[in-house]
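Q: Sharing a structure here in structure tokens format.
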Amino acid sequence: SLQNNPGYLGNEGIDVKESSRNGKVHHNYIHDFPTEGGAIYVDAWTAGLNGTPSLSDIEIYNNIVEDAGSIVIGAERGGTAENIKIYNNLVVNCPDTGIGISNTGIANAPNGNGLRRNIEIYNNTIYKTRWNGGAGIFIKSANIINIVIRNNITYINKSNGQIIVAVPSALSQIKADHNLVFGSK
């Protein structure tokens, strides 16, 4: 069991990696996974660099994430993730953020935080966080193009907010409408 393994931090429940293309992650129940990372993690890593294809055309839908990490799109070593759809998911009692676009590279990757382009986040329900600092939907990266956040429901307590964009310069690349947000802050 991961809970009995002291090395569990940093692991992901489901990890879509590198130049994955045309994939679907659906109808999973990810629960009691004690990590702040991704219950479902899409990470371009180095996809799109040095002639490799980008990570693209991934759909994440009809999943339940409960008492586990988040649904996150990353590009830790500067790769490109594009044409990602996250929809019809239920995220309950997550440790930090329900659905996020991270800004993290790793220590030995100075060009981390690669491009995330054409991301749609819609028809998701996100309820509760366990710790302060997260959000229902949290866009932490400014390295984004064409992000749509639509028809989501977020009820978060102990958080920075419901839908947050951490870098004001990224606002021009985000279209958010028809979301129902309520709770503290």
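The values are calculated or read from the model by the stated rules, or taken from the named source; none is laboratory data. What you are looking at is a predicted structure, and each value in this text was computed from that prediction instead of being measured. FYI the Cβ positions are ideal-geometry reconstructions off the backbone, even for glycines, and counts take in every protein chain you see. Remember, those area values only see protein heavy atoms, side chains included, never the ligands or the DNA or RNA. Shrake-Rupley method; radii C 1.70, N 1.55, O 1.52, S 1.80 Å.
Q: In terms of the Cα gyration tensor, with a ≥ b ≥ c the square roots of its eigenvalues, is the range 8-86 rounded because a/c is under 1.5, prolate because a/b exceeds b/c, or oblate?
A: Because a/c hits 1.5 or more and a/b fails to exceed b/c, the range 8-86 counts as oblate.
Q: Separate question: So if we plug the beta-carbon distance of residue 123 and residue 50 into 1/(1 + (r/R0)^6) with R0 = 25 Å, what FRET efficiency do we get, rounded to 0.05?
A: Step by step, r from the Cβ atoms, then E = 0.10.
Q: On to the next question. If I stretch the segment between residue 142 and residue 180 completely, what's the gain in nm (0.36 nm per residue apart, minus their alpha carbon distance), one decimal?
A: Length difference between fully extended and current span is 11.3 nm.
Q: Taking the highest mean first, how do the peptides 94-100, 47-53 order by number of other beta carbon atoms within 10 angstrom per residue?
A: Order by mean packing, descending: 94-100, 47-53.
Q: How much accessible area per residue does the range 138-181 have, counting only protein heavy atoms and a probe of 1.4 Å, in square angstrom?
A: 50
Q: Give me the percent of accessible area attributable to carbon and sulfur for the range 42-112, probe 1.4 angstrom.
A: 46
Q: Ranked highest first by the average count of other Cβ atoms within 10 Å around their residues, in what order do 55-62, 171-178 fall?
A: Top to bottom by mean Cβ count within 10 Å: 55-62, 171-178.
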